[in-house]
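Report on the following structure.
The values are calculated or read from the model by the stated rules, or taken from the named source; none is laboratory data. Since the structure is predicted, the reported quantities are computational estimates derived from the model, not experimental observations. Every residue, glycine among them, receives a Cβ derived from its backbone with ideal geometry; neighbour counts consider all protein chains shown. Keep in mind that these areas ignore ligands, DNA and RNA; they rest on the heavy atoms of the full protein, side chains included. Shrake-Rupley method; radii C 1.70, N 1.55, O 1.52, S 1.80 Å.
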Amino acid sequence: MLTGKKILITGVTGQVARPVAETLVGHNEVWGLGRFSDPSITDRLTAAGIRIWRWDMSRDGLERLPNDFTHVLHAAVERGNGLDFEAAVAVNSIAAGRLMTHCRGAEAFLYISTGALYARQRLDHLHTETDPLGTATPWLPTYPVGKLATEGVVRAFAATLGLPTTIARLNAAYGPYGHGGIPIMFFRRILAGEPIEVPRRGQELCSPIHTDDIARQVPLLWDVAKVSSTVLNWGGDDAVGVQDLMSYISGLTGVPAEFVANRVTRGMVAFDNTRRSRAIGRCEVPWRDGVRRALDAHFSGAVRASAST
Ligand code: NDP
């Protein structure tokens, strides 16, 4: 267990970083950075003992922030509006450079990237870290472009500042907070009567990972940080089909899922987890159990008592 450290976490109001901050704050000094657009979350973070620091990545504003952090988790992202590539690249990459420079004395820096960087292959392909990158994401084209640009910045600053760094390409994170991740976002669409876009043949796979596993694994990812940057896929142990995932949720809730064959889908990918497993071990939350718990957290009473796992 990580104890007695001074930890900085960006994107702390978000789905992924908030449970990490809440887990680590019991035994460490944790600072959370963000714009804090939702004041109710700010109050809950403060009540949990997390120190709040307002920082908009599109500005500087780190000058008066302490710089003696031992560990940094950079999870904030400006996904962009799908059109303004210049803004997505500039905001995310300059912010990463400023943050790393400010925290150059840290023991480890962890940047959360995305599996959306990988070029599309066969639907059942398990992507490795050395697979071709593509950044073709029709649902939000600016997103992977900003992430890939930022990966480059993070590698450069790690090397030039001598700051041990891990770049973790996250798969479909899901859990009790924020938007809840793909299973919850798709279920909201189903409740709104919208069909989920799927390929004409077969199904896209993903590697869903519960935020409990994420919170447990963040210190392990700091442990494997290197000045040359450790790059690894960060997903759950199981490759799960999108239709299988949503049909499971239908079974739990009794709400039928409708699928529609479409050229444009979410473009999910599944991971080959060999490098991650060797570096930090396996996940602990089985996806069916995790999805059931996430549903309970977001839609109290939605899971039928009679539903089997
Ligand atoms: P959320 O959308 O839940 O949260 C985004 C966070 O970024 C919020 O805390 C938001 O804070 C902060 N943020 C956005 N714009 C700015 C800005 N201009 N300045 C400062 N802070 C900003 O994201 P997730 O938790 O889902 O994702 C966390 C990380 O994981 C991201 O880097 C994302 O790319 C990556 N990832 C997530 C996946 C997932 O399945 N969730 C999959 C793959 C990668 P506020 O609004 O309060 O300012």
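For the range 42-50, state whether one or more residues are within 12 Å of the ligand (Cβ to nearest atom) and either in contact with a strand residue (DSSP E or B) (Cβ under 9 Å, 6 or more places away or on another chain) or not hydroxyl-bearing (Ser, Thr, Tyr) (or both).
Yes, the range 42-50 contains at least one residue that is within 12 Å of the ligand (Cβ to nearest atom) and either in contact with a strand residue (DSSP E or B) (Cβ under 9 Å, 6 or more places away or on another chain) or not hydroxyl-bearing (Ser, Thr, Tyr) (or both).
Being closer than 29 Å to residue 122 by Cα, assigned to a loop (DSSP other than H, G, I, E, B) and in contact with a strand residue (DSSP E or B) (Cβ under 9 Å, 6 or more places away or on another chain) is the filter here, so list the residues in the range 156-193 that pass it.
171, 172, 175, 180, 181
Open to solvent by less than 10 Å² (accessible area, probe 1.4 Å) and away from the ligand (no atom under 13 Å from the Cβ), is that true of residue 163?
Spelling it out, residue 163 is indeed open to solvent by less than 10 Å² (accessible area, probe 1.4 Å) and away from the ligand (no atom under 13 Å from the Cβ).
Quick test of your reading of the structure: residue 281 fulfils all but one of (1) at positive phi; (2) modelled with pLDDT under 95. Name the failing condition by number.
(2)
Do the conditions hold for residue 77, that is, is it open to solvent by less than 70 Å² (accessible area, probe 1.4 Å), farther than 17 Å from residue 150 by Cβ and not charged (D, E, K, R)?
For residue 77, the condition - open to solvent by less than 70 Å² (accessible area, probe 1.4 Å), farther than 17 Å from residue 150 by Cβ and not charged (D, E, K, R) - is not met.
In the set 235, 254, which member is within 30 Å of residue 160 (Cα to Cα) and either open to solvent by less than 20 Å² (accessible area, probe 1.4 Å) or not hydroxyl-bearing (Ser, Thr, Tyr) (or both)?
Answer to the check: 235.
Could you give every pair whose Cβ atoms fall below 7 Å, whose first residue belongs to the range 219-235 and is without any contact (Cβ under 8 Å) to a residue 60 or more places away in the chain, and whose second residue is among the hydroxyl-bearing types (Ser, Thr, Tyr) and in a strand (DSSP E or B), counting only separations of at least 6 or pairs across chains?
224/166; 224/230
Could you figure out which of (1) without any contact (Cβ under 8 Å) to a residue 40 or more places away in the chain; (2) basic (Lys, Arg); (3) more than 13 Å from the ligand (Cβ to nearest atom) isn't true of residue 120?
Condition (1) is where residue 120 drops out.
From the list 109, 69, which one is part of a loop (DSSP other than H, G, I, E, B) and either near the ligand (Cβ under 10 Å from one of its atoms) or open to solvent by less than 10 Å² (accessible area, probe 1.4 Å) (or both)?
Sole residue among the options that is part of a loop (DSSP other than H, G, I, E, B) and either near the ligand (Cβ under 10 Å from one of its atoms) or open to solvent by less than 10 Å² (accessible area, probe 1.4 Å) (or both): 69.
Looking at the range 72-103, which of its residues are away from the ligand (no atom under 11 Å from the Cβ) and part of a loop (DSSP other than H, G, I, E, B)?
81, 82, 83, 84, 103
For residue 236, which of the numbered conditions (1) over 22 Å from the mean Cα position of the chain (by Cα); (2) under 26 Å from residue 119 (Cα atoms) fails to hold?
Exception for residue 236: condition (1).
Any idea which of 216, 201, 169 is basic (Lys, Arg), more than 14 Å from the ligand (Cβ to nearest atom) and within 18 Å of the chain's Cα centre (by Cα)?
Answer to the selection: 216.
Could you grab me the full set of residues in the range 52-66 that are modelled with pLDDT of 95 or more, open to solvent by less than 50 Å² (accessible area, probe 1.4 Å) and more than 21 Å from the chain's Cα centre (by Cα)?
If the condition is that a residue be modelled with pLDDT of 95 or more, open to solvent by less than 50 Å² (accessible area, probe 1.4 Å) and more than 21 Å from the chain's Cα centre (by Cα), then 62, 65, 66 are the ones that fit.
With the condition kept exactly as written, say whether any residue in the range 118-141 is assigned to a helix (DSSP H, G or I) and open to solvent by 50 Å² or more (accessible area, probe 1.4 Å).
No, the range 118-141 has no match at all.
Looking at the range 2-10, can you tell me whether even one residue there is within 11 Å of the ligand (Cβ to nearest atom) and among the β-branched types (Val, Ile, Thr)?
For the range 2-10, residues within 11 Å of the ligand (Cβ to nearest atom) and among the β-branched types (Val, Ile, Thr): present.
Take the residues of the range 1-51 that are open to solvent by less than 10 Å² (accessible area, probe 1.4 Å) and assigned to a loop (DSSP other than H, G, I, E, B): which is nearest to residue 62 (Cα to Cα)?
Across the range 1-51, the extreme among qualifying residues is 12.
Six or more apart or on different chains, Cβ under 6 Å: which pairs go from a residue in the range 80-94 that's within 9 Å of residue 150 (Cα to Cα) to one that's outside any loop (DSSP other than H, G, I, E, B)? Could you list them?
89/146; 89/149; 92/146; 92/150; 93/149; 93/150; 93/153
Please work out if residue 266 is surrounded by 14 or more Cβ atoms within 10 Å (Cβ to Cβ) and of a type in the set (Lys, Arg).
Here the answer is yes, as residue 266 does meet what is asked.
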